[in-house]
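Reading through the structure tokens given below for one structure.
The values are calculated or read from the model by the stated rules, or taken from the named source; none is laboratory data. All values reported here derive from a predicted model rather than from experimental measurement. Cβ coordinates were reconstructed from backbone atoms using ideal geometry, including for glycine residues, and neighbour counts include every protein chain displayed. Each accessible area value is taken on the protein alone, full model and side chains, heavy atoms only, with ligands, DNA and RNA left out. Shrake-Rupley method; radii C 1.70, N 1.55, O 1.52, S 1.80 Å.
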Amino acid sequence: LSMYVSFLFKAYGMSALPLNLIKGTTSASYERLENTEDIEEVEQHLLRIKAKCRDGRPLSSRDRRTLQQLEERLRTLRRRERHLESIEKSWWTKFCEAIRPLKIVWGVFFIIVALLFTVSLFLSNLDKALHSAGFDSGFIILGTNLTNPLNMLLPVLQRVFPLDYILITTIVMYFIFTSMAGIRNMGIWFFWTRLYKIRRGKTRPQALLFLCMILLLIVLHTSYMIYSLAPQYVMYGSQKYLVQWGVTIATYSQLGNIFRSLLCVSILFPFNLDQCIVTRTYLFLHKFWFFSAAYYFGNWAFIAVFLIGLIVSCCKGKKSVIEGEVDDDDSDMSDDEMSPYYH
């Protein structure tokens, strides 16, 4: 379940959040002008249908259904009008317009980080596909053959406490923010039915409980994703072993061997079995190999969802300034309660 919600929300959020920051939203005044034109068009259509029954003739069933749909559409457009008018005059909108260049910079940074994570995950999975023992072993590898930037960086940072913990905390927070962006854009669904929407200042308590549960599952999956992103760090950390360099030096009374310390990268070498100790996380994955095999295929699905989300986000235009705030399935009571950000 944690794997499913991760590549559904986290992978999509990693692609949607940066591109939404770069592209921005449409102008509130422009959307309000379009909404006014739509209201006039719907009102004219309503007048044409109602004109058919002025002489006392009843409307047909088709006209009654059309009249009901148009009245619902008109109520939605009028709610949009109230929201757009409030947003156009709010201080929050003016503040967002002022920091627009900063949003573009953050969007570029986030897309670079997302591509870095995706490339690292791809190289790790490719290493497992080429050098692991196969499905029966859970695609466990005894050493790293194809390294990646995170796999090289974390063991180096581990030498200086607490730089590695700071980087891991940053990675986890990045995953949480991108996952929340994915949930915000998609909402909470049960199969093909949307249960709740995540909206600023108007999210239902039940939706917040679901949101917390989803975030807990995503954090659980992140603990394994760290193993996929940096297998060297998770398996051995910065452990080293001593190996005889093969040169002897003579002193006045004895001979001494010269030793060299090497980084633990594999347990295949017979001379470092006692010096390189694998972590408990690796032992858990090695013992329950079926979890490791499931996460291996889940990582490929994660990469695929990220690429699909990246293509979809690139093809989509700018988001509406009231994206998700007003929909046809909303009640009048829920939408009339304006968020305090827009007052």
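The table that follows gives values for the structure above.
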{"item": "Accessible area in square angstrom per residue, region 46-167, 1.4 angstrom probe", "result": "62"}
{"item": "Rounded to whole Hz, the Karplus (6.51, -1.76, 1.60) HN-Hα couplings of region 29-46, x for glycine and proline", "result": "5, 5, 5, 5, 5, 5, 5, 5, 5, 5, 5, 4, 5, 5, 5, 5, 5, 5"}
{"item": "Approximate spin-label separation LYS316-LEU153, in nm, with each point projected 7 Å along Cα-to-Cβ", "result": "2.7"}
{"item": "Residue-level accessible surface for THR66, protein heavy atoms, 1.4 Å, Å²", "result": "40"}
{"item": "With all protein chains modelled, accessible area of LYS319 [1.4 Å, Å²]", "result": "50"}
{"item": "Phi to ³J(HN,Hα) by Karplus 6.51 cos²θ - 1.76 cosθ + 1.60 over region 213-230, Hz, x for Gly, Pro", "result": "5, 5, 5, 5, 5, 5, 5, 4, 5, 5, 4, 7, 5, 4, 5, 6, 6, 9"}
{"item": "Nitroxide proxy distance, nm - points 7 Å out along Cα→Cβ at CYS212 and ALA133", "result": "4.2"}
{"item": "Whichever lysines have a C-alpha closer than 30 Å to that of LYS89, once near sequence neighbours (fewer than 8 apart) are set aside", "result": "LYS23, LYS103, LYS197, LYS202, LYS316, LYS318, LYS319"}
{"item": "Overall form of region 21-163 per C-alpha gyration tensor (a/c, 1.5; a/b vs b/c)", "result": "oblate"}
{"item": "Cβ-based net charge around ALA133, under 15 Å, with every Lys or Arg adding one and every Asp or Glu removing one", "result": "0"}
